[in-house]
Structure formats: C-alpha cells, structure tokens
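Everything below concerns the one structure shown next.
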Amino acid sequence: MGYRALIPVKSLQEAKSRLAPYLAQPQRAQLVLTMLEHVITVLRESAAFECISVVSADPAVLQHASAWGAQALNEQAAGHNPALHAAAQHELASGAQTLLTISADLPFVCVQDIQALLKEAQAHDVVLVPAQKGSGTNAILARPPLAVPYVFGPDSLQRYITEAQQRHLYYTLHSSPGLAFDVDTYDDLEVLQCHHLRCTRYTISSASR
C-alpha cells in the first residue's frame, strides 16, 4: 500500500518548553532526542514503511534522525502545519500512497501499536489517534497523503473529524496506551520516572518541582 511515515520535530531550543520549570534545556533536548530515536526504531522494526522521514528546522535533529536510519527533511515552510504540508507533498511525489504522521514524543509506543494502527488503515481513508489527555491528536494516517489538511493545534482531533466528514471520507479513531501517552507535563515526567526505575533509557531523575 506504499506506507511512509513522517515525524515532525521542533527545534531543540524550543521543544518541551512547558517542562522548563523541571528540566534544564539540555535535559529537555536529550529527552526529545531519546523519544525520537525510540519512535524511529519502533517504526523501523515494524517493517511496514518504505521510508521514515523526520521534518525539522533543527540541523541537530536532522543529523540524529539520519544516523538512526530516517530520511532528514528540512522544513520548507514556516509554521507547524505548513511545514508538514510541504513535507507530505514531498512524500506524495516520492510515491507514498498512505502516510502516517506521528508525534515524536511517544516513549511507550511499540511495534504492536503500529501494526494495529496499520490494520485500521486497510478499511479506512483516515485513522486518527487521540492523545491521552485533552483534545489533541498524536497521529494521523491518511490515504492518500493530504486526504485531509493538517490542522494540528488546539482541539485538533475534532477539527480532523470535521475535515474528514466534510470530504465524505471513511474515518475512525484508534486508541492504544502506547500511542496515547505523550510527554508534556510534570505528571508525564513522573510516569517516565517510574518507567526509568525499570529502564535506564529515560534519565530524568533530576526533575523537581
């Protein structure tokens, strides 16, 4: 089906600014890179994607992404959604038939989560993955790419549903713990800290209120 994946990543100087009271900038940058490496690794291990691309304006992010086996795409437009639109157009031109756009901050996502998500795509034009909290969207799988426009931001899940309905697309919501959990708040860091007791991958023990 020509699956490709796209992972947007902010500049490391700007990433996870809500965690600034608890983690210094170098710690936030390392956390972002650790989670990005994990997401890339899981996508590669799923063996389902012709290409995995990371789009960012940060050369350091792109350098790491390339080292981890992803294609590095420099942002070609200002703003999160315009940059994703330009990157998706690149994927279309490269032959993508189905495009998964997925957050970089999913530390618990696993291969089984990705496989279940792709199974949904066999019967739907658009698969939306709600975030665990709030009304955000952690991933969107669209066939073809840009079947709906990128509308990430406040209340993005409902906005995606509206876009799909207006285009008479067959869509569904798909949830799993690994895809739903992202890292934005101190409480999320505490969950990661508990995970850190079993896995040294995430080193955030210096976080404090």
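The values are calculated or read from the model by the stated rules, or taken from the named source; none is laboratory data. Note that the structure is predicted; figures quoted are calculated from it, not measured. Heads up, the Cβs are rebuilt from the backbone with ideal geometry, glycines too, and the neighbour counts pull from every protein chain shown.
If the condition is being at pLDDT 95 or above and of a type in the set (A, V, I, L, M, F, W, C), then the stretch 85-107 contributes 86, 87, 88, 99, 100, 102, 104, 106.
Here residue 188 fulfils each of the conditions (1) surrounded by 14 or more Cβ atoms within 10 Å (Cβ to Cβ); (2) touching a helix residue (DSSP H, G or I) at 6+ places or on another chain (Cβ under 8 Å); (3) modelled with pLDDT under 95 apart from (2).
So, residue 42, is that one at pLDDT 95 or above, outside any loop (DSSP other than H, G, I, E, B) and crowded, with 22+ Cβ neighbours inside 10 Å or not? No. The set of residues in the stretch 1-28 that are at pLDDT below 95, touching a helix residue (DSSP H, G or I) at 6+ places or on another chain (Cβ under 8 Å) and among the aliphatic types (A, V, I, L, M) comprises 1, 15, 19, 20, 23. Taking residues in the stretch 20-34 that are over 20 Å from residue 65 (Cα atoms), and partners anywhere that are in a helix (DSSP H, G or I), the pairs with Cβ atoms closer than 8 Å and at least 6 places apart or on different chains are 20/28; 21/186; 22/186; 22/189; 23/31; 23/189.
The condition of being over 14 Å from residue 10 (Cα atoms) and either out of contact with any helix residue (DSSP H, G or I) (no Cβ under 7 Å at 6 or more places or on another chain) or surrounded by fewer than 19 Cβ atoms within 10 Å (Cβ to Cβ) (or both) holds for only one of 88, 72, 77, that being 88. Look through the stretch 143-176, keep the residues that are of a type in the set (Gly, Ala, Ser) and closer than 16 Å to residue 8 by Cα, and return whichever of them is surrounded by the most Cβ atoms within 10 Å (Cβ to Cβ). Here the residue is 156. Cβ-Cβ distances below 7 Å connect the following pairs, each with a first residue in the stretch 43-63 that is of a type in the set (D, E, K, R), a second residue that is in a strand (DSSP E or B), and a separation of six or more residues or different chains: 44/52; 50/3; 50/4. Does residue 106 satisfy being touching a residue at least 40 places away in the same chain (Cβ under 8 Å) and closer than 23 Å to residue 157 by Cα? Considered against the rule, which asks whether it is touching a residue at least 40 places away in the same chain (Cβ under 8 Å) and closer than 23 Å to residue 157 by Cα, residue 106 comes out as yes.
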